[in-house]
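Single-structure report; data block below.
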Amino acid sequence: MRGYGKERRERILRAAVRQGLLQPETAVLAGFVDLDGVGETVASLRGAFPDSLRVLHAFAAKANCLVPVLEELRRSGMGCEVASAGELAQALDADFEPAQIVFDSPAKTRAELALALELGITVNVDGFQELARLDEILKTRRSGSRIGIRVNPQVGAGAITAMSTATATSKFGIPLGDEGNRRRLLQAYRDRPWLTWVHTHVGSQGCPLDLIARGIAEAVAFAEEVNARLGRRQVTGIDIGGGLPVNFASDETTPGFDTYVARLREYAPALFSGEYEIITEFGRSVLAKNGFTAAYVEYTKTVGGRPIAITHAGAQVATRTVFAPDAWPLRIETHDPQGRAKHGRPVRQDVAGPCCFAGDLLARDRALPRLDAGDIVVVPDTGAYYFSTPFHYNSLPEPAVHGARVDADGRVTFQLLRPARGVQPVPALAER
Ligand SMILES: *Cc1c(COP(=O)(O)O)cnc(C)c1O
């Protein structure tokens, strides 16, 4: 889609250095969100579904839960999917209407459920025990919430087991294929006219489109079965979850939302019949490619013959990559202290973070122009699940996050999305 990713990152990075958002000593690490890019991605998501269908695209807040980011998404017409009381508070802070919020969590407490039902937030029930809690709450009050059951189509795992939610034994949802479950589920819908939605989320990064589409087809077939058996159109909506994988290997956005929707049409044509309202819950595919991390190289050294650059970005902002490097490889781009791209001859080197454990590496033995102290590394594709959800190892602070917009003349303006925060370092000697 957007072929100018690297150029655009460099433009934003150089502006950030000029404007002092990145500085040695005081601002050694920051996250950036390309807000124009977010708008374009949301437009491509909305454009992928036919206008004739009623679709709520609910952004999965866990992918980037910064309130100003959620506000931006709300203004672009999206809803918000939340998976904890904290994310629910952030969605309300970002001024989403309750009807635009979808609450999915496998561990909702009674109080959280009661609040969601009182406000009219969509609730997807994760199991039979949770359903019994809803019965209790709804005995004494009415609710305008859309209520669905999350089903597990048990279609199997993708390449990353931890991201696969539709395995035979996944902790999420009610497994459709387990002995007796279809009968119990049908009875649950028969007994509860307020159960009008079916939800599934097959998995995230690493799941091939065919696997996701097959899982959704199972959920749609289940909805059709409920309506056929009950002889009434009780199920009026299907929440198809998120999980579109992201290409971390280049600036190409593949697969696109168009490709995904074409696949869904093949596997689950009934979803497009116009009989159902649809909710989607994309997270990574909306934000990942619209964000990058930038960090100074503090030192370099050569160890056992291998050059190593010690940067300020490690496990605290790239947790998954550091702990599971094979599943979550990231690209690294090299820049000089002014933010200009470095074009030297590639040298194999490690790019390390600041944390005090040996595995704190963003890249191992990677061929890149040789990094020097004072250079800046850029880590593309980190707009989702990286700097927005930092890990507090070594009492490292959460880095500032800046939203960037580039106008027609190439001028970059920034908006602070999150200030740097955390344990305050001891003031420098000179200031004491
Ligand atoms: C994590 C999650 C999503 C979003 O997944 P992405 O891979 O970021 O699109 C959507 N729905 C549910 C229920 C989730 O747990």
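State the Cα centre-to-centre distance between the stretch 230-280 and the stretch 163-193 in whole Å.
Cα centroid of the stretch 230-280 versus Cα centroid of the stretch 163-193: 20 Å apart.
On a C-alpha basis, how far is the centre of the stretch 306-342 from the centre of the stretch 195-219 in Å? Whole number, if you could?
Each part's Cα centre sits 33 Å from the other's.
Could you derive backbone 3J(HN,Hα) for the stretch 414-424 from the dihedral phi with the Karplus parameters 6.51, -1.76 and 1.60 (θ = phi - 60°), listing whole Hz in sequence and x where the residue is Gly or Pro?
10, 9, 6, 9, 7, x, 4, 7, x, 4, 6
If each residue of separation counts as 0.36 nm, what is the full-extension length gain between ASN247 and ALA341 once their alpha-carbon separation is subtracted? Walk me through the numbers on the way to the answer.
On the way: separation 94, 0.36 × 94 = 33.84 nm, distance 2.20 nm.
Extending this stretch completely gives an extra 31.6 nm.
Residue by residue through the stretch 318-333, what is 3J(HN,Hα) from phi via Karplus (6.51 cos²θ - 1.76 cosθ + 1.60, θ = phi - 60°)? Round to whole Hz and write x for glycine and proline.
Each residue of the stretch 318-333 in turn: 10, 4, 5, 5, 5, 7, 9, x, 6, 7, 10, x, 10, 6, 10, 10 Hz.
Among rounded, prolate and oblate, which fits the chain when a ≥ b ≥ c are the square roots of the eigenvalues of its C-alpha gyration tensor, a/c under 1.5 means rounded, and a/b larger than b/c means prolate?
Judged from the Cα gyration tensor, the chain comes out prolate (a/c at least 1.5, a/b above b/c).
Arranged from highest to lowest average of other beta-carbon atoms within 10 Å per residue, in what order do the peptides 310-320, 116-126, 415-425 appear?
Taking the mean over residues of other Cβ atoms within 10 Å, the ranking is 310-320, 116-126, 415-425.
Label ALA367 and LYS6 with points 7 Å out from Cα along Cα→Cβ: what is the distance between them in nm?
Calculated label separation equals 1.4 nm.
Can you list the lysines whose alpha carbon is less than 16 Å from that of LYS139, not counting same-chain residues fewer than 8 positions off?
Once the sequence-local lysines are set aside, nothing remains near LYS139.
Given the C-alpha centroids of the stretch 350-414 and the stretch 28-63, what is the distance between them in whole angstrom?
Using only Cα atoms, the two centres lie 22 Å from each other.
Could you name the lysines whose alpha carbon sits less than 22 Å from that of LYS171, not counting residues in the same chain fewer than 8 places away?
Of all the lysines, those that pass the test against LYS171 - Cα under 22 Å, at least 8 places apart if same chain - are LYS62, LYS108.
Order these peptides, 79-92, 257-270, 182-195, by their mean beta-carbon neighbour count within 10 angstrom, highest first. Intermediate results must be reported in sequence, preceding the final value.
Values: 79-92: 21.1, 257-270: 16.8, 182-195: 15.1.
The densest-packed peptide leads the list: 79-92, 257-270, 182-195.
Hey, which lysines would be in cross-link range of LYS342, C-alpha to C-alpha under 20 Å, not counting anything within fewer than 8 residues on its own chain?
Within reach: LYS6, LYS301.
By how many nm would the segment from LEU416 to ALA99 grow when fully extended, if each residue of separation counts as 0.36 nm and the alpha-carbon distance is taken off? Could you put the intermediate results ahead of the total?
Details: separation 317, 0.36 × 317 = 114.12 nm, distance 2.83 nm.
Difference between extended and current length: 111.3 nm.
If amide hydrogens are placed 1.01 Å from N in the peptide plane, which non-local residues have theirs closer than 5 Å to the one on GLN349?
Residues meeting the amide H criterion: ASP365, ARG366, ALA367, LEU368.
For the stretch 151-276, just say rounded, prolate or oblate: build the C-alpha gyration tensor, square-root its eigenvalues into a ≥ b ≥ c, call rounded for a/c under 1.5, and beyond that prolate if a/b exceeds b/c, oblate if not.
oblate
For the chain, return all DSSP H helices satisfying: extent of Cα atoms along own axis at least 24 Å; mean Kyte-Doolittle hydropathy at least 0.5.
209-230
Could you give the length gained on full extension between ALA228 and GLN424, defined as 0.36 nm per residue of separation minus the Cα-Cα distance, in nm?
Additional length available on full extension: 64.4 nm.
Based on DSSP, what percent of beta bridges with both residues in the stretch 36-285 are antiparallel, to the nearest 5?
Counting DSSP beta bridges with both partners in the stretch 36-285, the antiparallel share is about 5 percent.
All of the numbers you see were taken from the coordinates with simple rules; none came from a lab. Quantities reported herein were computed from a predicted structural model and do not represent experimental measurements. With ideal geometry, Cβ positions are generated from the backbone for all residues, glycine too; neighbour counts draw on all protein chains shown.
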